[in-house]
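Shown next, in structure tokens, is the structure this report addresses.
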Amino acid sequence: MTRRRDYQRGPVTLRGARVPASTTDQRLLDTRGSADWVHTDPWRVMRIQAEFVEGFGTLSELGRSVAVFGSARTPADHPSAALAEQIGGELVRAGYTVITGGGPGIMEAANKGAAAAGGTSVGLGIELPFETGLNEHVNVGINFRYFFVRKLMFVKYSEGFVVLPGGVGTLDELFEALTLLQTGKVTSFPVVLVGSSFWGPLLDWLRETLLAEGMITPEDLDLVRVTDDPEECVRWIVEARRERDARSSDTAL
Ligand SMILES: CC(C)=CCNc1ncnc2c1ncn2[C@@H]1O[C@H](COP(=O)(O)O)[C@@H](O)[C@H]1O
């Protein structure tokens, strides 16, 4: 039998020497041969999609949520951990689900406060070379392979970020939110920095260097607020929600 000139593999057309000797379903059903294909990029896309499906499916049912970020290395007896724990509890009492990265340190403290207050305490974990696993205070946990999928979940399913002192992971999450706000990809999204002595020098640098050199506008500095008081932090989040709800009911009229 002569081979067809065009071979259609889904949307891909193959001709001549590129026409394969077997069909896709033959290859799927034929279990012999190398398993290298599971490490190829097209297969990876399926895994990425599966993470989105799991994440969307689980988090869309959790109601109003706020994400709390901060160092994975903060010891449990550090004052920042006490603040995070208090904020976790206050957020639950204000009607929120608390979402963290599910790891140790500040994340664990916020999850602890949320769980102790009887709330939903979410951990969006990440596969890391030095596996730490979800902390014991998480009562809904998802473990992600991909940082970028997990990052989207924080923004999509929370209505504000609370950021305690942390390292590069925390800064990454903070600046992700600021970039999305600055470019209008998210609106009415409160970002509260907790710890004025820790965040003060960063804010000074943003003002004295970035603003002075014209890299940001004065309004960009209004995107974040700083406090040392857990109650004030949660109050700002609740106020932002009221403003947003009032605006959306205005536009509905
Ligand atoms: C002890 C240790 C390094 C454990 C790592 N285990 C982790 N588990 C979950 N999320 C993490 C972890 N490390 C970093 N992150 C992410 O990055 C942020 C903290 O990173 P960092 O410590 O500030 O830079 C967290 O808000 C979290 O979203």
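Before moving on, here are some points about what is shown:
- Scope the range 193-227; condition closer than 15 Å to residue 179 by Cα and in a strand (DSSP E or B); matching residues: 224
- Any hit, the range 79-98, residues being aromatic (Phe, Trp, Tyr) and more than 9 Å from the ligand (Cβ to nearest atom): yes
- Considering (1) assigned to a helix (DSSP H, G or I); (2) charged (D, E, K, R); (3) exposed (fewer than 15 other Cβ atoms within 10 Å of the Cβ), the lone condition that residue 185 does not fulfil carries the number (1).
- Among the residues of the range 166-175, the ones that are within 8 Å of the ligand (Cβ to nearest atom) and touching a residue at least 60 places away in the same chain (Cβ under 8 Å) come to 5 in all.
- Residue satisfying all of: in the range 137-151; away from the ligand (no atom under 12 Å from the Cβ) and buried (at least 17 other Cβ atoms within 10 Å of the Cβ); farthest from residue 68 (Cα to Cα) among these: 149
- Leading residue by the ranking (farthest from the ligand (Cβ to nearest atom)) among those in the range 101-119 that are among the small types (Gly, Ala, Ser) and either touching a Cys at 6+ places or on another chain (Cβ under 6 Å) or within 18 Å of residue 169 (Cα to Cα) (or both): 109
- Filter result for residue 170 (of a type in the set (Ser, Thr, Tyr) and surrounded by fewer than 15 Cβ atoms within 10 Å (Cβ to Cβ)): no
- Exclusive hit being surrounded by 15 or more Cβ atoms within 10 Å (Cβ to Cβ) and either in contact with an Asp or Glu (Cβ under 8 Å, 6 or more places away or on another chain) or more than 23 Å from residue 177 (Cα to Cα) (or both), set 94, 117, 76: 117
- Where a residue in the range 196-210 is of a type outside the set (A, V, I, L, M) and its partner, wherever it lies, is surrounded by 12 or more Cβ atoms within 10 Å (Cβ to Cβ), with Cβ under 6 Å and at least six apart: 196/226; 196/228; 198/165; 199/193; 199/226
- Reported count of residues in the range 60-73, each being surrounded by 14 or more Cβ atoms within 10 Å (Cβ to Cβ) and either away from the ligand (no atom under 15 Å from the Cβ) or among the β-branched types (Val, Ile, Thr) (or both), is 4.
- Restricting the range 120-136 to residues that are under 21 Å from residue 80 (Cα atoms) and assigned to a loop (DSSP other than H, G, I, E, B), the residue that is nearest to the ligand (Cβ to nearest atom): 132
FYI, it's all coordinate maths here, none of it is from the lab. Source: prediction; values computed, not measured. Positions of Cβ are generated from backbone atoms using ideal geometry, with glycine treated the same way; all protein chains shown enter the neighbour counts.
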